[in-house]
Amino acid sequence: MKKEEEDLLVYDEDEAVKFILDSIPAESKDRIDNDKIEYVLDVVYDYYDENGLIDEDSTEEASIDEEDMFKFILKCSKKDKMKLSEEDIQLILDGEYEYGKSLGIYREDEE
């Protein structure tokens, strides 16, 4: 049981933000800062929560509708006047996915 608890604690939001910022192309760094990355990560968490994808007692994998999540983030960012383009959101999500893969949280579906 201890191993499962350790796995759940591996995701560090500060490290994720740093990882994502490092993965963003130089030409996009003038538009995307720590605050925007943290905002998108918070909205992703809200999306997971609202769609019942967060179950602290389960180790089952969840299937995430990436297009639906993207639309949710875009809608929230417009409502909150975050000035994030679709490209900015996608760059942040791509970086977050790579961070999660580096920790073994996400895995690529085998075709």
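The values are calculated or read from the model by the stated rules, or taken from the named source; none is laboratory data. Bear in mind that the values here come from a model prediction, so they are computed numbers and not experimental data. In this analysis, Cβ positions are derived from the backbone assuming ideal geometry, glycine residues included, and neighbour counts consider all displayed protein chains.
Going through region 7-23 one residue at a time, which ones are at pLDDT below 80 and either under 17 Å from GLU96 (Cβ atoms) or surrounded by 10 or more Cβ atoms within 10 Å (Cβ to Cβ) (or both)?
Listed by number, the residues that qualify are ASP7, LEU8, VAL10.
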**Asked** Hey, any hits in region 76-84 for a residue that's loosely packed, with under 11 Cβ neighbours inside 10 Å, assigned to a loop (DSSP other than H, G, I, E, B) and at pLDDT 95 or above?
**Response** yes
**Complete:** Among residues of region 71-111 being out of contact with any helix residue (DSSP H, G or I) (no Cβ under 8 Å at 6 or more places or on another chain) and acidic (Asp, Glu), the residue nearest to SER28 (Cα to Cα) is ASP109
**Asked** If GLU4 satisfies every condition in (1) modelled with pLDDT under 95; (2) outside any loop (DSSP other than H, G, I, E, B); (3) surrounded by 13 or more Cβ atoms within 10 Å (Cβ to Cβ) but one, which is the exception?
**Response** (3)
